[in-house]
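Student: To start, I am sharing the structure in question, which I have written as structure tokens.
The values are calculated or read from the model by the stated rules, or taken from the named source; none is laboratory data. Every value quoted in this text rests on a predicted model; they were computed, and no experiment measured them. Heads up, the Cβs are rebuilt from the backbone with ideal geometry, glycines too, and the neighbour counts pull from every protein chain shown. Surface accessibility is based on the protein's heavy atoms, side chains included, excluding ligands, DNA and RNA. Shrake-Rupley method; radii C 1.70, N 1.55, O 1.52, S 1.80 Å.
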Amino acid sequence: MTDAEAARAELLRLRASIDNIDAALIFMLAERFRCTQQVGRLKAEHEMPASDPGREEQQVARLRALAEEAHLDPEFAEKWFNFVVAEVIRHHTEAAEGR
């Protein structure tokens, strides 16, 4: 096998791993949103606010620490979390409006 062929085989192996990880992330996010939708319904039933800034602040700190431990940029982890939370709050607001 030539160096180019070996590199191509390694590239395909790595891409297959990335594809598997991406699929796992999608299914994990779907499960996360199923849980947060239950939270949204509970909050709506009990007229609780859609957002919980204290909880969000705790989660940011926890996820930043986990990111550092995992050698992932904590800024990226925080941006990801903020993106997800914005969608969760949107769901919670819709649930409250649909009571």
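Student: If one computes the Cα centroid of segment 1-32 and of segment 36-76, what distance in Å separates the two points?
Tutor: That distance is 29 Å.
Student: How much accessible area per residue does segment 1-48 have, counting only protein heavy atoms and a probe of 1.4 Å, in square angstrom?
Tutor: 85 Å²
Student: For the chain, give the magnitude of the charge dipole about the Cα centre (Cβ charges: +1 Lys/Arg, -1 Asp/Glu; no others), in debye to the nearest 20.
Tutor: For the chain, the charge dipole is close to 320 debye.
Student: Follow-up. Which of 48, 88, 67 sits closest to the plus end of the dipole of the chain, meaning its Cα is farthest towards the positive end, when Lys and Arg get +1 and Asp and Glu get -1 on the C-beta?
Tutor: Comparing the listed Cα positions along the dipole, 48 ranks first.
Student: Can you pull the percent of the chain's accessible area that's carbon plus sulfur, 1.4 Å probe, other chains left in place?
Tutor: On the way: 4640 of 7720 Å².
Ligands and nucleic acids excluded, carbon and sulfur give 60 percent.
Student: Okay, moving on. Keeping all protein chains in the complex and leaving out DNA, RNA and ligands, what accessible area do you get for residue 72 with a 1.4 Å probe, in Å² to the nearest 10?
Tutor: Approximately 80 Å² of residue 72 is accessible to the 1.4 Å probe.
Student: Okay, next question. From Cα coordinates alone, what are the radius of gyration and Dmax values for the chain in angstrom?
Tutor: So, for the chain, Rg and Dmax equal 19.1, 66 Å respectively.
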